[in-house]
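Just below is one structure, and these are the notes that go with it.
Since every read-out is calculated from the coordinates, none of them should be taken as a lab result. Values in this document were obtained by computation on a predicted structure and should not be read as measured data. With ideal geometry, Cβ positions are generated from the backbone for all residues, glycine too; neighbour counts draw on all protein chains shown.
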Amino acid sequence: RTADVALATGHLEQAFRAAQLATIADRARADAQPVPSDAARAALARGQALLLPVQSDDRLVTLALTRAGLSAAAMLLDPATATRAAAQLCHPGYDAGAAWRLGQALFAPALLDALGGVDHVTLVGSGPLAPLPLGLLLTAPPTPRTAPAFASRRFAFATRPLVAPGDQAPAPATCRRP
């Protein structure tokens, strides 16, 4: 929906700022300014992309920034379902159904196409997906007698928290096993 994409696009500059803050923190510099999308695209390494998932009331809108441009996709996934599926991945035993529900929402077919040629994805954001080992999500539905389509077979992952100017970065979250 247009409203969801507009909401997610509004968060995009925050994502650029968060990525820039992380880089600046790595370099111990404090003079960061918001980066226009063209400059952010140009700063991406070949094969690199930023992924920004934004949760609305009933869907997950994901923005993908690559050197080629900005792509967006929205998939039905309400916050309660996302949280439940994330919890299922953090408990003993692997739930392929939960991995597919989350993977399908984060890596919608249009975004997988846009991520062609990308081998390193940095997820910028917070919420139920941020603490997950994203490589365990599935990019195709699980089927009997075939190897799971783990996202880690296609991408290397890094995660950066979404931080508004003046905020302190939260401590990294982790999956907690009971």
- Message: Report the Cα-based extents of the range 35-121 along its three principal axes, largest first, to the nearest Å.
- Response: 40, 27, 21
- Item | Burial order of peptide ranges 63-74, 39-50 (average beta-carbon count within 10 Å, highest first) | 63-74, 39-50
